[in-house]
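Novice: For reference, the structure I am asking about is given below.
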Amino acid sequence: MLGIDLEKADDGFSSDLHLIAGNVSRALSQLVLRTDVSGMPLEWIDYKEAARLYHQEQVAYTCGSPLFNLYGGVSARSGLRTVLEVNSIVATVGHTGNPGNTRQDYVPPLNNQTLFRRDAHFCLYCAQRFPVRELSRDHIRPFSQGGRDVWTNVVAACRRCNNLKASRTPEQAKMQLIAVPFTPTYAEYIFLKGRRVLADQMEYLRAHFPRHSPLHARIKKYLS
């Protein structure tokens with residue numbers, strides 16, 4: 001089962017672009033992508049929540065590949081054991097719960113983990129890749145010059161570059177950004193929040209990204 005292990009990427013591993021779920025315990029730790037009935041991505045859920053949704057008949061349909069089989073009790077009438085096959089993507093009925101679909105002004109919460117994943121763990125000044133522990137949040141326009149703590153004003157930076165830039169803009173520090181910071185859409189944010197994202201889940205989320213999303217090229221690289 002191929003995919004990308006974003007948790008390993010957080011730790012600085014560069015050889016983890018492909019994930020193979022080779023045993024039961026690893027498979028059960030794989031999260032399922034939940035969508036609403038119209039197909040809009042909602043959240044990541046574990047196998048227990050997926051089983052609850054199946055049991056309560058809230059799963060409208062499934063997509064993607066089978067992840068695992070969950071075994072229940074044996075029917076006294078038929079003598080057969082209940083088996084529930086859980087797919088990598090499940091569409092559910094009821095309230096969407098997708099703020100990105102219901103609010104035009106929705107902005108995902110800004111935190112370092114998703115920020116560093118947005119920037120692919122690169123320092124956007126020296127263009128070197130670092131583990132999370134060696135990255136910091138840099139404000140392009142510093143607070144002292146009226147800058148704000150928003151997606152479009154922050155980038156991942158190694159501690160050396162952050163210290164070198166100090167309380168200056170990149171122009172003032174004569175440092176050039178290698179990419180333009182952007183605010184993720186809800187679907188992009190769901191991808192960035194993933195732990196181990198399978199290939200079919202990536203393709204599904206990618207279909208909901210804006211055409212201009214920088215994540216298209218990154219996912220294309222992962223899948224190739």
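The values are calculated or read from the model by the stated rules, or taken from the named source; none is laboratory data. For clarity, every value in this text was computed on a predicted model and none was experimentally measured. All Cβ positions, glycine included, derive from the backbone under ideal geometry; neighbour counts span all protein chains shown. Areas reflect the complete protein model, heavy atoms only, side chains present, ligands, DNA and RNA absent. Shrake-Rupley method; radii C 1.70, N 1.55, O 1.52, S 1.80 Å.
Novice: Please go through the stretch 108-123 and pick out each residue that is outside any loop (DSSP other than H, G, I, E, B) and either touching a residue at least 40 places away in the same chain (Cβ under 8 Å) or touching a Pro at 6+ places or on another chain (Cβ under 6 Å) (or both).
Specialist: Q113, T114, L115, F116, R117, R118, F122
Novice: Taking the criterion of being open to solvent by less than 60 Å² (accessible area, probe 1.4 Å), over 20 Å from A187 (Cβ atoms) and not hydroxyl-bearing (S, T, Y), would at least one residue in the stretch 35-45 satisfy it?
Specialist: Looking through the stretch 35-45, none of the residues is open to solvent by less than 60 Å² (accessible area, probe 1.4 Å), over 20 Å from A187 (Cβ atoms) and not hydroxyl-bearing (S, T, Y).
Novice: D138 versus (1) among the acidic types (D, E); (2) at pLDDT 95 or above; (3) surrounded by fewer than 19 Cβ atoms within 10 Å (Cβ to Cβ): which is the lone unmet condition?
Specialist: (3)
Novice: Follow-up question, since we're still on this one. What helices (runs of 4 or more DSSP H) completely inside the stretch 124-224 contain at least 3 residues that are of a type outside the set (V, I, T) and within 18 Å of the chain's Cα centre (by Cα)?
Specialist: 186-193, 199-206, 215-223
Novice: Does I178 satisfy the criteria of being more than 30 Å from L67 (Cα to Cα), of a type in the set (A, V, I, L, M) and either buried (at least 17 other Cβ atoms within 10 Å of the Cβ) or touching a Phe, Trp or Tyr at 6+ places or on another chain (Cβ under 8 Å) (or both)?
Specialist: Taking the combined requirement at face value, the residue satisfies it.
Novice: Next question, about the same structure. So which residues in the stretch 54-82 are within 35 Å of the chain's Cα centre (by Cα), part of a loop (DSSP other than H, G, I, E, B) and surrounded by 10 or more Cβ atoms within 10 Å (Cβ to Cβ), if there are any at all?
Specialist: Q56, Q58
Novice: Further, regarding this structure: Please tell me if S38 is modelled with pLDDT of 85 or more, in a loop (DSSP other than H, G, I, E, B) and over 23 Å from L70 (Cβ atoms).
Specialist: For S38, the condition - modelled with pLDDT of 85 or more, in a loop (DSSP other than H, G, I, E, B) and over 23 Å from L70 (Cβ atoms) - is met.
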